[in-house]
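Trainee: Provided herewith is a single structure, encoded as structure tokens, for subsequent inquiry.
None of the figures in this text is laboratory data; all of them are computed from the coordinates on show. Everything numeric here is computed off the predicted structure, so don't read it as measured data. For neighbour counting, all protein chains shown are included, and Cβ atoms are generated from backbone atoms with ideal geometry for every residue, glycine included.
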Amino acid sequence: MIKVDNIKLPVGADEGEIFEVCVKKSKITRSAVKHFKILKKSIDARDKERVFYVYSAEISDREESEERIVFDSVKSDKKVVVTGFGPAGIFCALYLARSGLKPIVIERGQSVEEREKSVYKFVNEGLLDTESNIQFGEGGAGAFSDGKLSTGVSGKFVRQVLVDFVDFGAPKEILIDAKPHVGSDRLPTVVSNIRKEIERLGGKVMFSTKLTGFKFSGEKLIGVKTDKGEIKADDVVLAIGHSARDTFGVLKNIEMDIEPKAFAVGVRIEHLQEDISVAQYGAKFAPLLPPADYRLATHGGGRGVFTFCMCPGGYVIPSASEEGGVVTNGMSLYKRDGKNANSALLCEVYPQDFGGDVFGGVEFQRKLERAAFEAGGKNYSAPVQLFGDFLSGKVSSRFKKVAPTYSVGTNFCDLNDLLPRVISDNLKFGVTDFGRKLKGFDTPDAVLTGIESRSSSPIRILRGENFSAVRFSNIYPCGEGCGYAGGITSAAVDGIKVAGAIIEKYKGL
């Protein structure tokens, strides 16, 4: 098999030309080609007058098939309980089930079909269900986001996650796009299909079932306690998500080894999507290309400031999971055809900012969320401010070029009064610096909406090389909430790896 890289085609060119390029470079005759596949597609817009699609592809005169990860089969009646059904829990349970184990999944929130109703009741009416919302429920927090599958991790598991997503209904384009995404309108179907496969293979998924404790026989874990009763368990996977604050308390009660970790807080920033696309592609090509995204970072203000979960053509959505707190997040549909672009604008927070206490980060987040709730008007409306007024410390009086997309309502305030000084100062520096990198990012009309506080977990549950917890050999911390991932794909990858460790333990029995 021959791989051909850096194939450049002008915008609008026929992708069939890629095959011709590969035939020419490989010197394989057309009639002898038995395998051809596009591997990657990206956009090169460094020269705004000459924008290209850039491809890599592979070609061969032999039949080739997609390499898949398959763990050994396990013939065992061991009971594995997976707590949480976000990306980590979903993929862990899927691979356990594929290998012959019959995992029992407990998820505090609802199935994705019912969860959609709860989410949109909050998004449209401000009526919060504290157990089934943007943070909790089948699919995890990522189910109502942009559905980005790009990741900073690498390796064979990343490709496998993408292949699995396609097998269960995601667009085939994610296999070649340099920045793949599924969209909040398509993710629920994919998630539901995976759940049905787990159940077909003998697994069980229990919704509206919350972990409340653990059962031990001496030092050995033998089960979990839930608000629906006890469940016997030989192993427990903790795929609990970054917002499972009450579950963190349950872990504290059994003296789980937990440490505080750095995270980030800030606001959502919105621009017109058209302006972002023109800044990235140029006025000539912006109408011809998909809505542009960006990823920006700086350390020049003293702390790391960066954009996160950027949603082209997206919406800022209410994402609280506790009463009396305002939390924001971003969401895009697959077409990304909304008027605005939005992104989290975040500043690093370190354990020393909250005294190094294990759960100090949770309280740091909660304090900001409650302050935002008060400033928003106590009805889940969000505090907002134009960037120009944020710079000068003035409460905005009207929106200008950009109107907010946060649906529950907004209230003008000075975000400098809500954020710690070190955070607000660094955010100001960051946006100004980003304006030098991406034209118009620092426009005074950009809308800031607070508070973005749930970008990652404030804790890490310590585990060893075999993925089990330091003090408990049959408890497996997994995914983003336990401090081992940072997005849908990396969480899914961690779930597969944890499944592999459990399968390895039992495959010879």
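Trainee: Step by step: find N for region 402-509, compute 2.2 N^0.38 Å, then divide the Cα radius of gyration by it. What's the final number? Present the calculation step by step, with values, prior to reporting the outcome.
Mentor: On the way: Rg = 21.1 Å, N = 108, 2.2 N^0.38 = 13.0 Å.
After normalising by residue count via 2.2 N^0.38 Å, the value is 1.62.
Trainee: What's the extension gain from residue 425 to residue 63 if we count 0.36 nm per residue and subtract their Cα-Cα distance? Mind dumping the intermediate values first?
Mentor: Details: separation 362, 0.36 × 362 = 130.32 nm, distance 5.81 nm.
Using 0.36 nm per residue and subtracting the Cα-Cα distance, I get 124.5 nm.
Trainee: Find out how many positive minus negative residues lie around residue 392, taking Lys and Arg as positive, Asp and Glu as negative, among other residues whose Cβ is under 15 Å from that of residue 392.
Mentor: Numbers: positive: 394, 400, 428; negative: 389, 414, 417, 425, 442, 445.
Spelling it out: positives minus negatives among the neighbours equals -3.
Trainee: Further question on the same structure: Which of 438, 288 has the fewest other C-beta atoms within 10 Å, and how do the rest follow up to the most? Walk me through the numbers on the way to the answer.
Mentor: Details: 438 18, 288 11.
Listing 438, 288 from fewest to most nearby Cβ atoms yields 288, 438.
Trainee: I would also like to ask the following. Taking loop as defined by DSSP and a crowding limit of 12 other beta carbons within 10 Å, which GluC sites (Glu not before Pro) in region 66-118 fit? Let's see the in-between values first.
Mentor: Working: sites: 66, 67, 107, 113, 114, 116; in loops: 66, 67, 107.
Passing both the DSSP loop test and the Cβ count: 66, 67.
Trainee: Between residue 391 and residue 337, what FRET efficiency follows from the Cβ-Cβ distance if R0 is 41 Å, with the result rounded to 0.05? Write out the running numbers ahead of the final one.
Mentor: Numbers: r = 31 Å, r/R0 = 0.76.
The pair residue 391/residue 337 has a calculated efficiency of 0.85.
Trainee: Summing Lys, Arg as +1 and Asp, Glu as -1, what charge do residues with Cβ under 10 Å from the Cβ of residue 68 carry, residue 68 excluded?
Mentor: Cβ neighbours under 10 Å give a net charge of -2.
Trainee: For every helix of n ≥ 4 consecutive DSSP H residues, a contribution of -39,500 (n - 2.57) applies; sum these over the chain, divide by its total residues, and give [θ] at 222 nm rounded to the nearest 500 deg cm²/dmol.
Mentor: Working: 11 runs with 140 residues, N = 509.
About -8500 deg cm²/dmol.
Trainee: Still on this structure: Could you give the length gained on full extension between residue 21 and residue 121, defined as 0.36 nm per residue of separation minus the Cα-Cα distance, in nm? Don't skip to the answer; put the middle values down first.
Mentor: On the way: separation 100, 0.36 × 100 = 36.00 nm, distance 5.18 nm.
Residue separation times 0.36 nm, minus the Cα-Cα distance, leaves 30.8 nm.
Trainee: Report the local net charge at residue 256: Lys and Arg +1, Asp and Glu -1, summed over other residues whose C-beta lies under 13 Å from its C-beta. Don't skip to the end; give the middle numbers.
Mentor: Values: positive: 252, 460, 463, 471; negative: 255, 257, 259.
Neighbourhood net charge equals +1.
Trainee: For residue 299 and residue 374, FRET efficiency with R0 = 25 Å and r from the beta-carbon atoms, rounded to 0.05?
Mentor: Working: r = 32 Å, r/R0 = 1.28.
Computed FRET efficiency for residue 374 and residue 299 comes out at 0.20.
Trainee: Which length gain, in nm to one decimal place, applies between residue 50 and residue 466 when the Cα-Cα distance is subtracted from 0.36 nm times their residue separation? Working shown, then result.
Mentor: Numbers: separation 416, 0.36 × 416 = 149.76 nm, distance 5.01 nm.
That pair, residue 50 and residue 466, stretches by 144.8 nm at full extension.
Trainee: Take the Cα pairs of region 270-376, get the Kirkwood Rh, then feed it into Stokes-Einstein at 4 °C and 1.567 mPa s and tell me D in µm²/s. Numbers along the way, then the final one.
Mentor: Values: Rh = 15.8 Å.
Result for D is 82 µm²/s.
Trainee: Can you compute the modelled spin-label distance between residue 75 and residue 367, with each label point 7 Å from Cα toward Cβ, in nm?
Mentor: Computed distance between label sites residue 75 and residue 367 equals 5.9 nm.
Trainee: Let's see if you can work this out: charge +1 on each Lys and Arg Cβ, -1 on each Asp and Glu Cβ, no other charges. What is the dipole magnitude of the chain about its Cα centre, in debye to the nearest 20?
Mentor: Details: 70 positive and 66 negative charges, 159 e Å.
Roughly 760 debye, rounded to the nearest 20.
Trainee: Hey, another quick one. With charges only on Cβ, +1 for K and R and -1 for D and E, what is the dipole size of region 81-204 about its Cα centre, in debye, rounded to 20?
Mentor: Values: 16 positive and 16 negative charges, 96 e Å.
Computed charge dipole of region 81-204: roughly 460 debye.
Trainee: Report Rg (one decimal) and Dmax (nearest whole number) for region 120-193, counting Cα atoms only, units Å.
Mentor: Here Rg and the maximum Cα pair distance are 13.9, 43 Å.
Trainee: In Å and on Cα atoms, what radius of gyration and Dmax does region 2-60 show?
Mentor: 12.1, 39
Trainee: Let me ask you something else. Taking every pair of alpha-carbon atoms in region 260-452, give the share separated by more than 23 Å as a whole percent. It would help to have the intermediate numbers written out before the result.
Mentor: Numbers: 7245 of 18528 pairs.
Of all Cα-Cα distances in region 260-452, 39 percent exceed 23 Å.
Trainee: If you don't mind, another one. Mind listing which trypsin sites (Lys or Arg not before Pro) in region 34-121 are in a DSSP loop and have 14 or fewer other Cβ atoms within 10 Å?
Mentor: Values: sites: 34, 37, 40, 41, 46, 48, 50, 62, 68, 75, 78, 79, 98, 108, 115, 117, 121; in loops: 34, 46, 48, 50, 62, 68, 75, 78, 79, 108.
Qualifying residues, ordered by number: 34, 46, 50, 62, 68, 75.
Trainee: Okay, moving on. Between residue 399 and residue 113, what is the FRET efficiency for a Förster distance of 30 Å, r being their Cβ-Cβ separation, to the nearest 0.05?
Mentor: Details: r = 36 Å, r/R0 = 1.19.
The computed FRET efficiency comes out at 0.25.
Trainee: Of the labelled options (i) 39, 29, 22; (ii) 36, 34, 19; (iii) 36, 27, 21, which one gives semi-axes √(5λ) of the Cα gyration tensor in Å as computed for this structure?
Mentor: (ii)
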